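Participant: Got a structure for you, questions after.
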Amino acid sequence: MPSNRTILSFLLIPILAITAARIYALAVNYRKARKLGIPIVVVPVSWQDAFWVLAHPHLRRFRKVPGLRNIINFGHHSWAQDDRYRPHQEHGDIFAIVSPGTTEIAVNDPTLAVDVQSHWRTWQKPPPVYEIFDVFGPNVISLNGEDWQRHRRIANPAFREQNNKLVWDESSRQANQMVQVMMDRASGAGRTMLQVRDDCVLIAMHVLSAAGFGHLHEFDGGFREIPKGHNTSLAEALKYLLQNIIFGIILKNIPVLRWVFPRSYQELTAMRNEFTQYMRELIAYNRAITQGGGSSKSADIVSALVEADEAAKRDHKAAAHGSKPNHLTDAELLGDLFIFNLAGFETTANALTYTLPFLATNRSVQDWVGEEIDMVLKGQEPGKSDYEETFPSLVRCLALMYETLRLWGPVSQTNRWCVGEPCSLRIGDKEVEVPPETYVTLNVYAVHSDPRWWGKDNLEWKPQRWITTDPKTGKEMIAPPPTGTTFVPWSAGPRICPGKKFSQVEFVAVISTLLKEYRLEPMALEGKTKEEAGAALIEVLEDSMNVITPKMRRPEDAGVVFVKR
């Protein structure tokens with residue numbers, strides 16, 4: 001029988017071996033990083049370490065302990081969301097974060113933020129970061145090079161003005177129904193931020209269902225419709241997949257966990273199969289129309305995507321023999337359809353969720369936006385305004401979105417690397433040669449909040465900063481960002497989000513519909529004054545974590561009230 005010492009030795013050997021390997025890898029990466037000629041921050045863990053990703057949420061409370069701050073902050077992929085521009089005040093506008101897994105170059109420079117994202121051939125999206133989004137197949141977000149170009153050519157026609165009109169009409173209808181349902185159920189009682197998040201998610205889901213797939217639902221109970229041959233509705237399957245995206249990614253990359261969570265894995269698989277079946281049916285239906293010589297009259301994304309793909313197939317057949325296919329496979333179509341829904345769902349639902357608390361605690365901003373809404377929507381029925389006439393005039397409503405995305409945009413940082421040959425980064429008079437496959441992290445939240453560009457009110461929510469007057473017409477218009485900086489919540493350059501206007505139209509439609517009839521106040525909290533309840537609401541908002549996009553940690557601790565104007 002082995003002694004306790006022998007057992008301990010067997011346990012210690014692999015631990016010591018792993019530790020030694022990590023120390024060696026850290027030393028190698030540090031030696032390489034010194035050649036960059038920029039400040040270096042050394043951390044023993046990183047966002048690439050699965051064990052650390054799981055442990056990090058429980059260790060955040062120790063961030064202020066001397067010696068642990070850098071480890072806890074830079075060891076997680078959301079460090080830019082937590083600290084914004086502050087690390088750059090300490091370490092400079094460009095510095096290296098060195099861990100056993102990799103070297104990451106952190107950059108806070110508006111010019112580089114645009115330049116790197118614009119030169120997509122040189123600076124590519126690192127597959128280790130973006131392949132996690134290949135849930136149903138390669139897609140326009142995860143791919144690089146010629147494959148990305150092929151996807152982009154097919155995807156662009158899907159986001160057309162005809163689709164934006166559908167988004168406007170459905171968003172207005174859903175927002176009007178949402179408030180009516182809430183008022184009927186609660187007689188004007190408050191909604192916690194957890195409930196507000198659910199309401200905004202439901203609106204986003206229903207708009208995606210209509211604009212993406214041509215399926216209309218009522219706000220209250222719209223997920224119940226189950227067609228023959230299915231076990232759940234399309235909206236319910238999509239909702240489940242989007243809200244469990246992180247869990248699905250973990251199970252995909254760590255297969256052993258499927259045995260640890262068998263029931264959850266079975267449910268995830270069932271929902272995935274349902275969504276796949278729905279998409280294949282929609283693709284086949286629209287493909288049959290197009291191949292039969294017809295054209296779908298629908299404005300939804302699936303119809304437009306299939307039409308564009310079939311046109312690409314015809315072009316390929318007519319091209320010279322041996323030319324590369326320029327259409328998409330069914331797996332790629334599925335991949336694009338899912339990623340469009342993920343991006344649209346997260347961006348708009350989050351922007352709405354984070355805007356409402358700001359409005360509830362800023363009566364002057366509500367009055368300011370209300371002036372515009374009353375003028376533009378005067379005499380129109382709630383939820384029934386005309387897109388072409390109304391959307392371009394609601395610039396103050398759009399300014400709300402811009403300011404919320406400036407502070408709480410969907411992407412706090414974005415990664416790129418170069419492949420094959422070294423690339424150079426220039427900040428001011430300093431030029432840094434970046435080795436191939438070295439992560440370059442563009443700190444979006446720093447670019448959006450650094451006081452050097454945004455002034456002393458850089459962290460204040462002030463939508464008025466986005467409004468200026470057109471000198472030719474005298475009308476209000478969206479102002480450019482301050483001199484010296486940029487605004488990139490939808491990325492920049494050729495890889496800018498194709499659904500940018502989709503999200504803007506949806507946001508403005510919902511906000512204008514809500515504020516036409518109602519104003520917002522902080523939800524009353526026991527033992528607190530109205531001012532204290534407002535402060536608690538903003539405190540809950542600012543205590544956010546990163547799960548794909550920002551999420552409030554304690555959304556049940558505060559809320560808002562809709563009050564009839």
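The values are calculated or read from the model by the stated rules, or taken from the named source; none is laboratory data. Please read all numbers here as calculations on a predicted model, not as lab measurements. Note that we place each Cβ from the backbone using ideal geometry, even for glycine, and neighbour counts take in every protein chain shown.
Participant: Restricted to the range 392-422, and to residues that are among the aromatic types (Phe, Trp, Tyr) and assigned to a helix (DSSP H, G or I), which residue is farthest from Ile467 (Cα to Cα)?
Facilitator: Here the residue is Trp408.
Participant: Sticking with this structure for a sec: Within the range 499-518, is there a residue that is in the same structural domain as Asp367 (by TED's automatic domain parsing), outside any helix (DSSP H, G or I) and among the aliphatic types (A, V, I, L, M)?
Facilitator: no
Participant: Within the range 144-189, take every residue that is of a type in the set (Gly, Ala, Ser) and buried (at least 20 other Cβ atoms within 10 Å of the Cβ) and give me the one that is farthest from Val505 (Cα to Cα).
Facilitator: Ranking the qualifying residues of the range 144-189, first place goes to Ala155.
Participant: Give me the pairs: first residue in the range 539-555 and touching a residue at least 40 places away in the same chain (Cβ under 8 Å) and under 15 Å from Leu352 (Cα atoms), second residue β-branched (Val, Ile, Thr) and surrounded by 15 or more Cβ atoms within 10 Å (Cβ to Cβ), beta-carbon distance under 6 Å, and six or more apart or on different chains, which are they?
Facilitator: So the pair list comes out as Met552/Val540.
Participant: How many residues are under 34 Å from the mean Cα position of the chain (by Cα) and at pLDDT 65 or above when one looks only at the range 282-298?
Facilitator: Qualifying residue count, the range 282-298: 9.
Participant: When residues of the range 521-547 are filtered for being closer than 20 Å to Arg406 by Cβ and in contact with a helix residue (DSSP H, G or I) (Cβ under 6 Å, 6 or more places away or on another chain), how many remain?
Facilitator: Looking only at that region, the number is 4.
Participant: Within the range 137-160, is there a residue that is basic (Lys, Arg) and not in a helix (DSSP H, G or I)?
Facilitator: yes
Participant: Next up: So which residues in the range 397-433 are more than 19 Å from Pro39 (Cα to Cα) and either free of Cβ contacts under 8 Å to residues at least 12 places away in the same chain or among the acidic types (Asp, Glu) (or both), if there are any at all?
Facilitator: Glu403, Glu421
Participant: Which of the residues that make up the range 227-271 are modelled with pLDDT under 80, polar (S, T, N, Q) and over 25 Å from Leu208 (Cα atoms)?
Facilitator: The one that is modelled with pLDDT under 80, polar (S, T, N, Q) and over 25 Å from Leu208 (Cα atoms): Asn253.
Participant: Which of (1) surrounded by fewer than 20 Cβ atoms within 10 Å (Cβ to Cβ); (2) not in a strand (DSSP E or B) is the odd one out, the single condition Ala113 does not satisfy?
Facilitator: The single condition Ala113 does not satisfy is (1).
Participant: Moving on. Among the residues of the range 404-439, which ones are among the acidic types (Asp, Glu) and surrounded by 20 or more Cβ atoms within 10 Å (Cβ to Cβ)?
Facilitator: none
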